[in-house]
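Just so you know, all these numbers are worked out from the coordinates, no wet-lab data involved. Note that this is a predicted model, so its numbers are computed, not measured.
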Amino acid sequence: MILREARLTNDLINRVEALLWHLSGRVHRISALTEGQQGDRAELQLRLRESKRWYRERLRLGAVQGVQRPESGDSGERARAVGENPDAIPISKWGFTFSGKETEPVAVLKFLKRVEEGRSVNGIDEERMRRGFAQLLEPPALTWYRECVRDSVSSWRELKERLKQEFLPDDYEEGVLENLRECKQGSSERVSFFVARFEEISGWLSEPLTEERKLKMLRKNILPSYREKLWNTEITSRDHLIRLCKKIEASTVPVTNRERMATVTRRSGGAEQTCFRCRQTGHIARECLDGAAATDRRIRCYICERVGHTSRNCPRRVENASAAGEGAGDRSRAYEQP
């Protein structure tokens, strides 16, 4: 209402922008416990965004006659924050920190990646990021930064390099390459998710892999059902590989079933498997999908095919063993005769 009825001045602009900044922080700190409270918070956030949008539009259309927006001091910082990104979250509220005690070799790289994402989303320039970086650290990394780094670096790029030098192991790239070699597609994993996971790991290398080498490793680590179909196909890019694999999915039986059959073949050394429940080949009893046979979960002997005992206790096996024992005894007695 103040902006609708009054002519804007520098003093009024400072007051409005300070109020918007204050309200943004208050709404962000609200903890919604019930559905009703969540709805109230969502309504407040919506009304605040609409107010900010209306305010920026009023300034853009020249409602301020002969008034320059402040560009320095605290009010200037608030003006830039509100004007460029009204929903910017303060660095201290980003929800993650780095302590230097993390056991993962590339933990500092993952941390810096999240920092860059937060910086981009919230419109924070490099100088402001450098000044506020301590808010994302915990001891002992925080102590190291305060005492050894803060006063000796002059740019965000230099600060990132110091972090890498301090917290990255000397041989971390060997571990990254080993992880890439062992990065295989899961039996139920989408090929696009697998490629994204591979790309994330390869991104930790200081020298990027060539596209040719990436494709070679991806091709080797996709599911066997894909490799069988693509062994003589020329693949030009990662997107091309994903499209080909999706085409195979759409034209064949589900990958999970194919993998199950491949597992059975490997376990049998290539020999044909026979199910003693349904007497069909290609699978074993616990994988039998035949309706009547699958519901029959009674103990069954695969030697005599009768129920009620296992092959270990099969009467036929006992009879054979007894007969073999008697034959051996007869031969022994024959040798003992003069």
- Out of residues 5 or more away from PHE98 or on other chains, whose amide H comes under 5 Å of its own, with H placed 1.01 Å from N in the peptide plane? LEU137, GLU138
- Could you list, in their original order, any pairs among LYS101/LYS160; LYS220/LYS246; LYS184/LYS220; LYS214/LYS247 whose Cα atoms are separated by more than 19 Å? LYS214/LYS247
